[in-house]
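Student: The structure under discussion is supplied below as structure tokens; questions concerning it will follow.
The values are calculated or read from the model by the stated rules, or taken from the named source; none is laboratory data. Being a predicted model, the structure only gives us computed values, none of them experimental. Note that we place each Cβ from the backbone using ideal geometry, even for glycine, and neighbour counts take in every protein chain shown.
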Amino acid sequence: MSDSIYRAQGLVITIDGPAAAGKGTLCKALAKHYRMKYLDTGTLYRTLAYQLKTQGYVADDAAAGQRIAATMVDHYDFRHVGNNQFGVFWDDEDITHHIRSENMGGLASTIAPITEVRDAVVAFTREYVQRWQARTGVVVDGQDGGTVVCPDAAVKIFIDASAEERARRRHLDMQARGRDDSFEDILAAIKGRDQRDRNRPVGPLVAAEDALVVDTTQVDAAGVFELATQRVEASFS
Ligand code: DC
């Protein structure tokens, strides 16, 4: 093993799973622990949905989606903003708050099946992984990381939890941020998103055959982190 502070140089970890399963929490913890680069691919679909909306297009405009996706490399940035928090920027404007709503998650899920949009996002993600893999290693947060984007990743983890448990967590999270969406509305939105994400014809949300599948309904964040690091450590030997 090298003496570098970047122990995970060369390593790609894919963390896939449905909305509110705890992917972000696990990815951030792994990226911090191993000093790896982190990319949340959900923010790419969310950013595209937001750009389509603010530029006045309907969400299913494939041509506009493809056009905007192709320019993402010049405008989009995902970066650490301190305190283990990550921000999403478009031309240096912080759009994190705009894209994080459940509404934008739903819109992202609606545009995600458009082949042209997916192709552009997958290409963007692969370039990003290529740029950082040898330097620091990369943690990719998404839904098709282990199956489509990085099928050769050495560590693949799929995390899941019941829709009710995920809605409960999202509800608490929103309350903490001062929002008063009802539990029932959040549960319905999560179920709708699951249905679309698991059944889209391209890059559906599914665990790769060689992924470690963790049901986080009964396991807390520390327990999931422990299981994930065991996998990562095993990949070093
Ligand atoms: O992970 P998230 O909640 O930020 O993702 C928002 C939506 O984006 C998700 O419901 C479907 C889409 N998505 C996708 O199709 N493929 C990915 N790799 C990541 C997200």
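Student: Search the stretch 87-107 for residues being in a strand (DSSP E or B) and surrounded by 16 or more Cβ atoms within 10 Å (Cβ to Cβ), and hand back the single one that is nearest to the ligand (Cβ to nearest atom).
Tutor: Looking at the filtered set, the residue picked out is VAL88.
Student: Would you check which residues across the stretch 47-65 are in a loop (DSSP other than H, G, I, E, B), aliphatic (A, V, I, L, M) and surrounded by 14 or more Cβ atoms within 10 Å (Cβ to Cβ) and list them?
Tutor: Result: ALA59, single match.
Student: Now for a separate question. Right, THR110: modelled with pLDDT under 95, more than 10 Å from the ligand (Cβ to nearest atom), among the β-branched types (Val, Ile, Thr) and closer than 27 Å to GLN195 by Cβ or not?
Tutor: In short, no.
Student: Residue pairs, Cβ under 7 Å, 6 or more apart or interchain, first in the stretch 180-200 and at negative phi and surrounded by 14 or more Cβ atoms within 10 Å (Cβ to Cβ), second modelled with pLDDT under 95 and not in a helix (DSSP H, G or I). List them.
Tutor: That search, which allows pairs on different chains as well, returns ILE190/ALA19; ILE190/ALA20; ARG193/ALA19; ARG200/ALA112; ARG200/PRO113.
Student: Which residues, taken from the stretch 14-56, are within 13 Å of the ligand (Cβ to nearest atom) and β-branched (Val, Ile, Thr)?
Tutor: The answer is THR14, ILE15, THR25, THR41, THR43, THR47.
Student: Restricting the stretch 132-161 to residues that are surrounded by 20 or more Cβ atoms within 10 Å (Cβ to Cβ) and among the small types (Gly, Ala, Ser), which is farthest from GLY10 (Cα to Cα)?
Tutor: That would be ALA161.
Student: Oh, and also: So ARG126 clears everything in (1) among the basic types (Lys, Arg); (2) more than 19 Å from LEU44 (Cβ to Cβ); (3) surrounded by 13 or more Cβ atoms within 10 Å (Cβ to Cβ); (4) at pLDDT 95 or above except one condition, right? Which one?
Tutor: (2)
Student: To continue, here is another question. Return the only residue of ILE5, ILE68 being crowded, with 17+ Cβ neighbours inside 10 Å, farther than 25 Å from ARG177 by Cβ, free of Cβ contacts under 8 Å to residues at least 40 places away in the same chain and β-branched (Val, Ile, Thr).
Tutor: ILE68
Student: Tell me, which residue of the stretch 129-161 that is under 13 Å from the mean Cα position of the chain (by Cα) and closer than 19 Å to ASP119 by Cβ is farthest from the ligand (Cβ to nearest atom)?
Tutor: Among those that are under 13 Å from the mean Cα position of the chain (by Cα) and closer than 19 Å to ASP119 by Cβ, it is GLY146.
Student: Testing ALA59 on (1) within 13 Å of the ligand (Cβ to nearest atom); (2) closer than 19 Å to GLY146 by Cα; (3) not aromatic (Phe, Trp, Tyr), one condition comes back false. Which one is that?
Tutor: Every condition holds for ALA59 apart from (2).
Student: Taking LEU205, is it of a type outside the set (Gly, Ala, Ser), touching a residue at least 24 places away in the same chain (Cβ under 8 Å), buried (at least 16 other Cβ atoms within 10 Å of the Cβ) and assigned to a loop (DSSP other than H, G, I, E, B)?
Tutor: yes
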